1. As a test of reading the structure, rank 93, 46 by solvent-accessible area (1.4 Å probe, protein chains only), most first.
2. Quickly rank 81-92, 19-30 as a protection proxy: mean count of other C-beta atoms within 10 Å, highest first.
3. Excluding ligands and nucleic acids, what accessible area in Å² is computed for residue 108 using a 1.4 Å probe, to the nearest 10?
4. So for segment 46-170, taking the charge dipole from beta-carbon charges (+1 Lys/Arg, -1 Asp/Glu), which of 94, 131, 55 sits furthest toward the positive end?
5. Does segment 15-70 classify as rounded, prolate or oblate by the C-alpha gyration tensor (a ≥ b ≥ c root eigenvalues; a/c under 1.5 gives rounded; else a/b over b/c gives prolate, otherwise oblate)?
6. How many nm is it between the label spots at residue 100 and residue 38, if each spot is 7 Å from the Cα in line with the beta carbon?
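The values are calculated or read from the model by the stated rules, or taken from the named source; none is laboratory data. All of these numbers come straight from a predicted model, not from anything done at the bench. Positions of Cβ are generated from backbone atoms using ideal geometry, with glycine treated the same way; all protein chains shown enter the neighbour counts. The accessibility values were calculated without ligands, DNA or RNA, using every heavy atom of the protein model including side chains. Shrake-Rupley method; radii C 1.70, N 1.55, O 1.52, S 1.80 Å.
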Amino acid sequence: CAGTFAGRSAKPALPTADPVIVLTPSAEDEKALAKINVDPELLADDGADYRGRIIEKPWGSERELFRGEGFCVWQLTFRARAETSMHAHQQKDTMLIASEGEVIVETLRTKHHLVPGGACLIGRGTVHKTFALSAAVVVEVESGTNRHDLLRLSDRYGRGQGYETQGFTRAEQVG
């Protein structure tokens, strides 16, 4: 947005944190998820508590910050130009809040640019991925604690169904 103030040109506006973006599943999401054949045991909650651990991912790392009754809070740390898989959760809603850097939250139909303070509420069954435009930190709040509630449509790192396949996850204790 270019404009003037008192006869002077204003600089183009930088992206700003908009109100929370709400994403809900579409017929396209339902159709895509119906095509996935996954062993239900891969989606079962193993009751694991990841607090105090850093879990390496091909796109960066994640760390569980807090776990409450029926919800958990994670810190996702992205390398620049990295992305999560295109995936959905059947049993939980997810709130993503950009803390540092810039990310794009993409669904099968839309793309949303988040800057620090920007937030996106992703309803269960909504196919989505997060792409980091720069090195970024995103706070993730989930309405459930089952990390295995994950259906992948695609993954540029070659991961299959389930929370992780061998070779991508390494957990380290955090002080």
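1. Values: 93 50, 46 90 Å².
Order by accessible area, largest first: 46, 93.
2. Sorting 81-92, 19-30 by mean packing, highest first, produces 81-92, 19-30.
3. 60 Å²
4. So the residue furthest toward the plus end is 131.
5. Details: a/c = 1.86, a/b = 1.09, b/c = 1.70.
In terms of gyration-tensor shape, oblate.
6. With each label point 7 Å from Cα toward Cβ, the separation is 3.0 nm.
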